Each structure stands twice: as C-alpha cells, then as structure tokens.
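Engineer: Starting off with a structure, shown below.
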Amino acid sequence: MDFFSQISLTSQQTERLSRDAFEDLREIIYKNTGLFFPENKKYLLETRLGQRISALQLKNYTEYIELLKNGAMHKEFPVLINSITINETYFFRNEPQLEVLEKELLPAVVSVKLKMNHPKVKIWSAGCSSGEEPYTFAMIIHEKIQPRFPGIQFEIWGTDINTNVLHKAKQGEFRQYSIRKVPSVYMRKYFSKEGDRYRLQSPIKEMVIFKHLNLFDKSRMNSMRNFDIIFCENVLIYFDKDAKIQVITSLYDALNRGGYLLLGYSEALYGLSQAFKPVHFPRTIVYKKE
C-alpha cells in the first residue's frame, strides 16, 4: 500500500498551499487517520486537493478547510482520503512471505485449530488496496491448503481506508499490471480475460470479505477480533511513532493467542512493541503473539 506519489501541479490551481493551511490540513488528517504528512509531502496535498477545490468551485484551500470544520467532515472527509491515498499492489507480491504463509503459518494454525476442535481460520489483509493481496491468499488456500484440510473453514478479510479501491476490489477486475506475477496455473483456473481486463472467478472472489476500515479508529478496530494471521504491509511507514503504537496495539488485540503478524520489508516493531515474539524464516520475519 503506497500512500504518497509524485504528481505535477494542475494548471487550474490559482493559489499555493500556505504553511498555515498545510498545517491545518495535516492536523485534520492526522487526528482522524494517524497518517502523517511531513514537510516534503506538502506538494501532495497541494496538488491532489487543488483538483478537489476546483471540483467544489471553492476559491482556495482556506475555504476547503472551513468546509471541513463547519459540518461537512462526515461527507467530505472520505473524498479527501480517496484523493490523497494512492494504492499500488499486485498479485503474489511478496513471495517469501507467501511461501511462509503456505508452508509454515497456515499448517501451524490449522494444527492448533484441529486440536481445539475449532474449525475456522481467520486471515486479515489490513490495507488491502484493490484486493490483490487477500485474493492471493484465497488462491493459495483454495489450491494448496483446503484440499489437505477439508474440514477447516477459511475466512479472509480485506480492509482499507480508501473506499474507491475497495469498490474495485469487490468488482474483482484487474489489468495486466496486477496479474503479471500470477502463476500460469492460477491464471487458467481463476481468471477470464475480457478485453483488456482479467476477471477473477468463483470461488476465489467469494472467499474474501471486504470492509471499509480506518486502522486509527479505536472503536472500529475493536470490532476486528479472533484473527489468526494479519498482514499489514507498507502501512505503518506512513504513521508517526505514536500512531504506530496505537495501530500495533489494536492489531495485537485483534489476534488470537499464538497468532501471527506480518509487516512490509521496511517495517519492524523495534522500539514500538515488545508484546510480539519475532520468528525468523528465510528472507522474512513474522511476529507471533505469545
């Protein structure tokens, strides 16, 4: 999940984003999402919201901030978030983690479930973007795991703060970029080509539950419980330390005892949480809730 992307200024924009307006916008976004925009990302708010200001026929950023402060937050804030979050992902993106998921984590979790006579495994893709990650899990489970453990039910959740990408995820239609690393056996079995798009087929599409979720919203996060494996990749890097600690605590609470948390390559829990036990695998680290 990549929130920040370089884009050029629009010709429609008539006023630059002042420092005061930038700080006001940054504070509004941070208070509601935990996403922190450093000084060198000011251009992102300037360009993305410049387009939104034009669409709303407002004069400047100050008027937009007043719009947010004077009662339009509930309606406009999701649009703001969709405007400033840019999501880039594809199927089978992190091969070392997927190998660990298939060969180590899922068998270990299933073994515990069978001993407990509790035949449900819950997996969560937190920051799922347009769905490629949770759908990848679904294909691996359907192809490799479910035949070995037919008595186990697998429940896969995908959540994101961006409602636009969630809509795309639910549609299950993808372009060449997204499917470029899908193994041929999965392409033949689970995709159909329609023009320049590739449509995901049943039963994979029906295996994933998508939900709009702000990871910084404590009350909403309290509804996410009893997960066995959580993937939260390339999300924490966009929070400051305090927000990271809050989100990690919520993810910890969402996991069952003995559950696993997986982060992106550039992310780690060092200095943020001692509640997890690092488990080292070739080319990847997994954090276990003891």
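Engineer: Listed highest first by mean packing, meaning other Cβ atoms within 10 Å per residue, what order do 184-195, 215-226 come in?
Structural biologist: The most tightly packed comes first, giving 215-226, 184-195.
Engineer: Given axes a ≥ b ≥ c from the Cα gyration tensor, I'd like to know whether the chain is rounded (a/c under 1.5), prolate (a/b larger than b/c) or oblate.
Structural biologist: prolate
Engineer: For a paramagnetic label modelled at 7 Å from the Cα of residue 288 toward its Cβ, which residues of region 68-112 fall within the zone defined by backbone nitrogen distances under 15 Å?
Structural biologist: 100-101, 103-112
Engineer: Mind pulling the angle between the C-alpha long axis of helix 19-33 and the longest principal axis of the chain? Nearest 10 degrees, somewhere in 0 to 90.
Structural biologist: Roughly 30 degrees, rounded to the nearest 10.
Engineer: Which order, highest average first, do 272-285, 128-141 follow once you tally other Cβ atoms within 10 Å for each residue and take the mean per peptide?
Structural biologist: Packing order, densest peptide first, comes out as 128-141, 272-285.
Engineer: Could you work out how much longer the chain between residue 217 and residue 73 gets when fully extended? Use 0.36 nm per residue separation minus the Cα distance between them, nm to one decimal.
Structural biologist: 50.3 nm
Engineer: If you don't mind, there's one more thing I want to ask. With a ≥ b ≥ c taken as the square roots of the eigenvalues of the C-alpha gyration tensor of region 105-198, please select rounded if a/c is under 1.5 and otherwise prolate if a/b is larger than b/c or oblate if it is not?
Structural biologist: oblate
Engineer: Decide, for region 214-286, between rounded, prolate and oblate: order the square roots of the alpha carbon gyration tensor eigenvalues as a ≥ b ≥ c, take rounded if a/c falls under 1.5, and otherwise choose prolate if a/b is larger than b/c, else oblate.
Structural biologist: Taking the square roots of the gyration eigenvalues as a ≥ b ≥ c, region 214-286 is oblate.
Engineer: Say a paramagnetic label sat at a point 7 Å from the Cα of residue 277, along Cα to Cβ; which residues of region 89-118 have their backbone N under 16 Å from it?
Structural biologist: Correct set: 105, 108-109, 112.
Engineer: Nearest 10 degrees is fine. How inclined is helix 241-254 to the longest principal axis of the chain, computing both from alpha carbons?
Structural biologist: 30
Engineer: Among 120/205; 168/289; 41/69; 75/193; 241/277, which pairs are too far apart, with a Cα-Cα distance over 27 Å?
Structural biologist: Result: 168/289; 75/193 exceed 27 Å.
Engineer: Label residue 170 and residue 155 with points 7 Å out from Cα along Cα→Cβ: what is the distance between them in nm?
Structural biologist: The two pseudo-label positions are separated by 1.9 nm.
Engineer: Can you give the net charge of the other residues whose Cβ lies under 11 Å from the Cβ of residue 62, counting K and R as +1 and D and E as -1?
Structural biologist: -3
Engineer: Here's another thing I want to ask about it. Using only Cα atoms and rounding to the nearest 10 degrees, what angle (0 to 90) does helix 42-55 make with the longest principal axis of the chain?
Structural biologist: Orientation of helix 42-55: about 70 degrees from the principal axis.
Engineer: How much mean residue ellipticity at 222 nm does the chain get from its helices, if each DSSP H run of length 4 or more adds -39500 (n - 2.57) and you divide by all residues, to the nearest 500 deg cm²/dmol?
Structural biologist: Here the helix-only value at 222 nm equals -11000 deg cm²/dmol.
Each reported figure results from applying straightforward, stated rules to the coordinates on display, with no laboratory input. Predicted model, so just to flag it, every value in this text is computed and none were measured. Heads up, the Cβs are rebuilt from the backbone with ideal geometry, glycines too, and the neighbour counts pull from every protein chain shown.
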